[in-house]
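Asks: The structure that follows is given in the form of structure tokens.
The values are calculated or read from the model by the stated rules, or taken from the named source; none is laboratory data. Computed from a predicted structure; not experimentally measured. Cβ sites come from the backbone with ideal geometry, for glycine too, and all protein chains shown count toward neighbours. Each accessible area value is taken on the protein alone, full model and side chains, heavy atoms only, with ligands, DNA and RNA left out. Shrake-Rupley method; radii C 1.70, N 1.55, O 1.52, S 1.80 Å.
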Amino acid sequence: IFQTRLLLACSKHAKLLQFVPESYVETVMDSFHAFRRGDPPVDPPFFLYHVGLQDIITFLVLHFNDDRIVNPDVRDVMFQSISVLLQYRDFVVAFEETKPAQETFIESLLACFDSRFWIPVSNILLRLCKGMGFGQKRSFESTSLIFQQLFQDTCKANEELYSAFLNKLFTIMNWTATEFTVAMKEIQDSRSAHSSTELQQQQRKCTIMFELSVNLLRLLEFIVRELPATFLKANSVNTTRLIETVSFILQHTTLGPDSQLFEQIIGSQIQQIPFMEKVTRFSILAPVTGILINLHVAAQNTAQAEAEKRGGGAADPPETNDIVNALIQSKSCKIECYEYLLDFLGYDISTKEDTPSQQKFNHFKEFIQMMQKADSEKDNVVSIDDLDDIPEEFLDPIQFTVMRDPVRLPGSKVVIDRPIIERHLLMDKTDPFSRSELTLDMVEPEDELKQRIDAWIKEKTGE
């Protein structure tokens with residue numbers, strides 16, 4: 001405890017902490033965990049008020065993302081300590097009652113979600129919402145409604161941080177899901193061509209990438225539940241990337257040619273790959289279903305509120321919503337893949353003692369009915385991007401689709417659709433045509449052109 005307080009005192013001076021030997025931090029962590037695991041076990045509330053757990057938590061939450069701790073391995077140890085403590089209810093309460101944790105914990109977690117620390121950050125966030133996802137066993141040992149609310153508040157208060165976090169989350173999710181499919185292909189190719197040792201290594205890689213993908217999907221499910229407005233604007237970058245993620249998973253795990261490899265892997269695991277039992281269809285489809293349910297419920301509530309506002313009173317439940325329309329219009333996944341979810345998950349959910357998931361599944365049935373109706377009517381809907389007489393000035397120069405929100409780039413003077421340039425800027429802060437420096441706040445709205453495009457779309461669609 002003395003050493004922890006010494007570290008806290010050093011940290012108050014701008015440059016002093018970086019000169020403290022790493023062994024001091026490691027000794028504090030090792031000593032604390034040895035004491036925590038002692039016999040008899042330590043009573044956390046007693047430890048909090050009479051020994052100094054609050055000092056330990058304060059040091060952890062203030063400095064796990066501190067650049068003055070230059071060795072990433074030491075920061076890994078701190079992450080591991082936080083993750084271990086948050087497994088236990090009493091320690092979760094101790095974090096909730098520690099003021100620095102209330103003020104900085106979530107913001108620091110989002111800020112250090114990067115190529116080095118995204119796994120421990122994901123694990124910590126998932127502990128705080130454990131048991132809240134669709135099809136998950138209810139467990140409130142580590143769940144924290146306080147930190148879930150703080151997550152929501154932090155993201156709303158710091159949109160730039162939240163946007164950067166989401167961008168990294170989608171990028172990493174795309175990588176893990178792709179690596180999982182690559183690993184499945186390697187297993188398929190290696191069964192006859194390589195040694196059993198190499199095959200086992202590839203199987204382990206496959207299992208790891210699968211579990212990482214599932215964890216990130218669970219994290220996305222939590223975010224969609226807490227901050228649905230982020231994904232309800234049909235043409236926004238976040239909505240597009242979420243639909244792409246969901247579609248990729250469904251295409252590779254439900255029906256169609258891309259799913260055959262997954263079917264072969266899970267179909268043979270009992271006989272040939274016994275330690276890959278964690279690679280199951282339910283594990284990966286449950287969070288995808290949870291994402292779709294959260295989106296649908298939020299979109300329905302928004303549509304209902306808008307209808308009541310227009311009518312000045314109660315309104316009938318909407319027959320469709322923006323999310324259903326966006327999924328159908330994206331054409332990225334066949335309706336049969338969504339119907340597969342309904343058939344596959346229906347029995348599992350109905351036979352489990354999981355009332356919340358059963359209630360959510362009723363929303364999913366409603367969602368599928370809307371999807372089926374919208375799919376059956378899609379041939380009667382005019383697709384603006386498929387028309388032959390589109391004025392050239394209405395077309396985005398990169399995607400060659402009709403622009404919905406045209407903006408002019410200050411460097412090249414090119415007019416482009418806002419969602420297209422917004423997605424480009426997530427990876428590259430330059431004008432794609434002139435390579436000059438560019439940020440989103442520099443683009444210039446083309447209001448007059450937008451009005452002409454809107455009028456033309458209304459004329460063509462009759463809406």
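Asks: Excluding residues on the same chain fewer than 8 positions from LYS429, give the lysines whose Cα lies under 24 Å from its Cα.
Replies: Cross-link targets: LYS156, LYS168, LYS233, LYS413.
Asks: When the accessible area of region 293-344 is computed with all protein chains present and a 1.4 Å probe, what percentage of it is carbon and sulfur?
Replies: On the way: 1430 of 2890 Å².
The value for region 293-344 is 50 percent carbon and sulfur by accessible area.
Asks: What is the extension gain from SER115 to GLN200, computed as 0.36 nm multiplied by their sequence separation minus the C-alpha to C-alpha distance, in nm to one decimal? Walk me through the numbers before you get to the answer.
Replies: Numbers: separation 85, 0.36 × 85 = 30.60 nm, distance 2.61 nm.
Going from the current span to full extension adds 28.0 nm.
Asks: Also: Based on the Cα atoms of region 372-437, what semi-axes does the equivalent ellipsoid have, where each is the square root of 5 times one gyration tensor eigenvalue, given in whole Å with the largest first?
Replies: Numbers: eigenvalues 175, 43, 11 Å².
Equivalent ellipsoid semi-axes, largest first: 30, 15, 7 Å.
Asks: Another one. Would you please classify the overall shape of region 286-340 from the alpha carbon gyration tensor, given that a ≥ b ≥ c denote the square roots of the eigenvalues, rounded means a/c under 1.5, and beyond that prolate means a/b larger than b/c while oblate covers the rest?
Replies: In terms of gyration-tensor shape, prolate.
Asks: Here's a follow-up. In vacuum, with every alpha carbon of region 363-408 counted as one equal point scatterer, what does the Debye formula give for log10 I(q)/I(0) at q = 0.33 Å⁻¹? Two decimals, please.
Replies: Once normalised to I(0) and log-transformed, intensities are -1.16.
Asks: With every protein chain kept in place and ligands, DNA and RNA left out, what is the accessible area per residue of region 314-463? Probe 1.4 Å, answer in Å².
Replies: 60 Å²
Asks: Still on this structure, I have one more. With only alpha-carbon atoms counted, please give the Rg and Dmax of the chain, in Å.
Replies: Reported Rg and Dmax, both Å: 25.3, 80.
Asks: Cross-link partners among aspartates and glutamates for LYS378, C-alpha distance below 19 Å, same-chain residues fewer than 8 apart left out?
Replies: By straight Cα distance, LYS378 reaches GLU319, ASP322, GLU336, GLU339, GLU366, ASP386, ASP388, GLU459, GLU463.
Asks: As a test of the formula, what do you get for the chain when each DSSP H run with n ≥ 4 contributes -39,500 (n - 2.57) and the sum is divided by the residue count, at 222 nm and rounded to the nearest 500 deg cm²/dmol? Could the numbers behind the result be given before it?
Replies: On the way: 19 runs with 303 residues, N = 463.
About -21500 deg cm²/dmol.
Asks: To continue, here is another question. Treating cross-link reach as a plain straight distance, find the lysines whose alpha-carbon is under 20 Å from the alpha-carbon of LYS137, omitting any fewer than eight places away in the same chain.
Replies: Reachable lysines: LYS278, LYS352, LYS360.
Asks: Then there is this: So what does log10 I(q)/I(0) come out to for region 340-463 at q = 0.22 Å⁻¹, using the Debye formula with one equal point on every Cα and no solvent?
Replies: -1.15
Asks: Positive end of the dipole of the chain, charges at C-beta (+1 Lys, Arg; -1 Asp, Glu), about the Cα centre: which of LEU126, VAL297, ASN235 has its Cα farthest in that direction?
Replies: The residue sitting most towards the positive pole is LEU126.
Asks: Right, something else. Tell me the accessible surface of ASP322 in square angstrom (1.4 angstrom probe, heavy atoms of protein chains only), to the nearest ten.
Replies: The value for ASP322 is about 90 Å².
Asks: Hey, another quick one. Quick test of the membrane-span-like rule: which DSSP H helices of the chain reach at least 27 Å along their long axis (C-alpha atoms) with mean Kyte hydropathy at least 0.0?
Replies: Values: long enough: 159-193 (51 Å, -0.11); 196-226 (45 Å, -0.05); 281-311 (44 Å, 0.17); 355-377 (34 Å, -1.23).
The qualifying helices are 281-311.
Asks: For region 147-228, divide the Cα radius of gyration by the Kirkwood radius and give the resulting Rg/Rh value with two decimals.
Replies: In region 147-228, Rg relative to Rh is 1.19.
Asks: With every protein chain kept in place and ligands, DNA and RNA left out, what is the accessible area per residue of region 176-237? Probe 1.4 Å, answer in Å².
Replies: 41 Å²
Asks: Rounded to the nearest 10 Å², what accessible area does TRP456 show when all protein chains are kept and the probe is 1.4 Å?
Replies: So the heavy atoms of TRP456 present about 30 Å² to solvent.
Asks: Express in Å², to the nearest 10, the accessible area of THR197 obtained by rolling a 1.4 Å probe over the protein heavy atoms while all chains stay in place.
Replies: 80 Å²
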